[in-house]
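Worksheet for the structure shown next.
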Amino acid sequence: MKNKFDKFLNTVNYFVTSILFMAMLINVVGSVILRYIFGFSYRWTDELSRYLFIYIVFLGIPIAFRENIHAAIEYFRSTLFIKIKHGLQVFCDLLIGITIAYIGYYTIIMVQGRLGKTLSSGLKIPMRYIYISVIICIGLLLIEIVQRFISGYKNMDSKDNNTTDFNEVNIK
Amino acid sequence: MSAGLILTIVLVFLALLLIIGCPIGFAILISTTFGVFIQDLPSSMATLRMMSGADSFLLTAIPFFVFAGILMREGGITKRILNFATILLGNFHGALGHVNIFASMVFGGISGSSVADTASIGSILIPEMIRKKYPRNVSAAVTAASSTIGIVIPPSIPMILYAMASETSIGRLFLAGAIPGILVGLLMMLVTAYMAAKQGYGREREKFPTFKEFIVGFKDGILALTMPLIIIGGIVGGVVTATEASALAVVYASILGFFVFKELKLKHIYPAIKETVRSTAIVMLIVVSATFLGWMLAYGQLPQKMSLALLSISDNPLVILLIINLIMLVVGTFSDIAPNILILTPVFLPVIVNLGIDPVHFGIIIIVNQAIALVTPPVGNCLYICASLSKCSVEKVFGAAVPYLMANLSVLVLVTLWPGLVMWLPNLLMP
């Protein structure tokens, strides 16, 4: 079962990404209004949008992972017995865990280096604050994977059975 | 090890991971990272490439288009579009089929995603069609097939992905998609008319709409159709960028939902944003990982090798386009549209440019081609949603969808052979 900490993290994550999204929207609409009504524009609005977007993306990836809605090719797996299916799911999560831990480790090293101190061109913020989004993303994914291992994949069955949510606007 | 060998290992590993049902984005990430690891390439490459995939002002348009689509849906646009379509087409035989296709075309101008169109239209129209004695599989098939128009008619998220992968003007791409998209719709209506005559499907209404009905329906239709006009007009006129246009689409959808239709409530907003975040994350995981794999493919010199291999077969552009179309169709049946576009565009683009084919033209060929993949098993999202909505087997729905897919295929052949059909509008408005 999902524990309270996990739920709390997810709620916070949704809240933060929503705020970032609204900020991105206000930033873009605001810049159009400023340009056409007041006749001036800031050089950094594009950059601010991009960085907000990067955070939305890397915080959103663990959310979608937690809800098991990342696009996958279900067809072949759906033909298999439930036990093998479970085994494959565990195997995939294990591979994902190892891979992202590897990427995360080198990201941390990289961020501590010269690149982390480089300033962005418009907003003049050190790039390490942008790259940290990847580390947070990996951290949240690892927490979810550990969670799945501890819970023994009990709550994955129900998710498997209703993979198609009709109100979900997936992007294809 | 040679770069070619590494590439082979990575791609075989990727295929295995996809077959066992690993999420596509993670499968790409795992296999490419494995390639980096065994070849002893810089380990920070994964993060650097993923970051460069996400760091794009153009892509920030994706959540806005998604959000605008959700607001339109929550604001009650779906039933208004269906009402408008019934007023226009209700007197034809097989009316609900026509209504379905027409609504998909209008929806295509609102949302950038075919799956969103399928879900919105299908959940209302499929039960309605079944109630009106249309066969279950036909009801599902026409919904699935017609919703593929959604990604051909602008705005279109796959086009944004193509624009990013090929560094093409998104405005020109959007314009180029309009005529082929409408053409697919019209051909599908012809198919419906033929089937209705053969099977004796009924009309939706016997009397012609009164003037008042027409005006009311027309107003709603026009309000919905203003959305693509704002987006495309804004981009083509050079008034705003694609991203700004998408943000303005959100503003327009909010005004419509809150003040004109008055069905949108504040309580809808937070769930809508959450849904936007999820949908954005789903597509962006694929974008960032595909950017990483793209770098690996370039390292293995796949684009150059592909170029040489294709040119060794023929240097006739039509032959090359035919081969690419066949490859894309086959890949499309087994894989998903976003990774296909992101990964294969850079692979094929050098040879396309070499042969003097306009990348915008090529983009529309790829989009029309991949639209078909949305309805072909074993991997076809629109097909599966509709089969599930109609409680009918995937095989039966696909069987009924084949005549409609002929419309898609005909347009694919047309856009491949006749660049003028695609390029006329962008050349006229955005030379």
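The values are calculated or read from the model by the stated rules, or taken from the named source; none is laboratory data. Quantities reported herein were computed from a predicted structural model and do not represent experimental measurements. Cβ: placed from backbone, ideal geometry, glycine included. Neighbour counts: every protein chain shown.
Residue check: is B:Met50 surrounded by fewer than 21 Cβ atoms within 10 Å (Cβ to Cβ) and either modelled with pLDDT under 85 or under 19 Å from B:Met296 (Cβ atoms) (or both)? Explain how you work it out, then say what you get.
Numbers: surrounded by fewer than 21 Cβ atoms within 10 Å (Cβ to Cβ): no; either modelled with pLDDT under 85 or under 19 Å from B:Met296 (Cβ atoms) (or both): yes.
The answer is no for B:Met50.
For the condition aliphatic (A, V, I, L, M), at pLDDT 90 or above and under 27 Å from B:Ala116 (Cα atoms), what is the one hit in B:Val375, B:Val351, B:Val347?
Numbers: B:Val351 fails: under 27 Å from B:Ala116 (Cα atoms); B:Val347 fails: under 27 Å from B:Ala116 (Cα atoms).
From the options B:Val375, B:Val351, B:Val347, the qualifying one is B:Val375.
Here are some residues: B:Gly21, B:Gly90. Which one is touching a Lys or Arg at 6+ places or on another chain (Cβ under 7 Å), surrounded by fewer than 24 Cβ atoms within 10 Å (Cβ to Cβ), at pLDDT 85 or above and small (Gly, Ala, Ser)?
Working: B:Gly90 fails: at pLDDT 85 or above.
Matching residue, one of B:Gly21, B:Gly90: B:Gly21.
Just one of the numbered conditions (1) among the β-branched types (Val, Ile, Thr); (2) over 15 Å from the mean Cα position of the chain (by Cα); (3) away from every other protein chain (no Cβ under 14 Å) is not true of B:Val331; which one?
Every condition holds for B:Val331 apart from (3).
Is one or more of the residues making up region B:78-86 under 27 Å from B:Phe258 (Cβ atoms) and of a type in the set (Phe, Trp, Tyr)?
Taking region B:78-86 first, the residues under 27 Å from B:Phe258 (Cβ atoms) are B:78-86.
Pick out the ones that are also of a type in the set (Phe, Trp, Tyr) and you get B:84.
For region B:78-86, residues under 27 Å from B:Phe258 (Cβ atoms) and of a type in the set (Phe, Trp, Tyr): present.
If you check every pair at least six apart or on different chains, which have Cβ atoms under 7 Å apart with a residue in region A:120-136 that is in contact (Cβ under 8 Å) with a residue 40 or more places away in the chain first and a residue that is in a loop (DSSP other than H, G, I, E, B) and basic (Lys, Arg) second?
Sorted first by the residue in region A:120-136, then by its partner, the pairs are A:Gly122/A:Arg43.
When only residues in region A:47-79 that are surrounded by fewer than 18 Cβ atoms within 10 Å (Cβ to Cβ) and at pLDDT 85 or above count, which is nearest to the other protein chains (Cβ to nearest Cβ)? I'd like the intermediate steps shown before the answer.
Of all residues in region A:47-79, those surrounded by fewer than 18 Cβ atoms within 10 Å (Cβ to Cβ) come to A:67-68, A:74-76, A:78-79.
Adding the requirement that they be at pLDDT 85 or above leaves A:67-68.
Details: A:Glu67: 7, A:Asn68: 9 Å.
The extreme case among them is A:Glu67.
Going through B:Ile232, B:Ile153 one at a time, which residue ends up being at pLDDT 90 or above, surrounded by 20 or more Cβ atoms within 10 Å (Cβ to Cβ) and under 29 Å from B:Thr345 (Cβ atoms)? Quick ask: steps written out before the conclusion?
Values: B:Ile232 fails: at pLDDT 90 or above.
Going through B:Ile232, B:Ile153 in turn, just one is at pLDDT 90 or above, surrounded by 20 or more Cβ atoms within 10 Å (Cβ to Cβ) and under 29 Å from B:Thr345 (Cβ atoms): B:Ile153.
Which of the residues spanning region B:18-61 are within 22 Å of A:Arg43 (Cα to Cα) and at the interface with another protein chain (Cβ under 8 Å from one of its Cβ atoms)? Spell out the reasoning first.
Filtering region B:18-61 for residues within 22 Å of A:Arg43 (Cα to Cα) gives B:51-61.
B:Met51, B:Ala54, B:Asp55, B:Ser56, B:Phe57, B:Leu59, B:Thr60, listed by residue number.
Taking region B:384-401 as the region of interest, how many residues are assigned to a helix (DSSP H, G or I), surrounded by fewer than 24 Cβ atoms within 10 Å (Cβ to Cβ), in contact (Cβ under 8 Å) with a residue 60 or more places away in the chain and not basic (Lys, Arg)?
Summing the residues that are assigned to a helix (DSSP H, G or I), surrounded by fewer than 24 Cβ atoms within 10 Å (Cβ to Cβ), in contact (Cβ under 8 Å) with a residue 60 or more places away in the chain and not basic (Lys, Arg) in region B:384-401 gives 3.
Does region B:275-302 hold any residues that are crowded, with 24+ Cβ neighbours inside 10 Å and polar (S, T, N, Q), and which are they?
Residues satisfying the conditions are B:Thr276, B:Ser279, B:Thr280, B:Ser289, B:Thr291.
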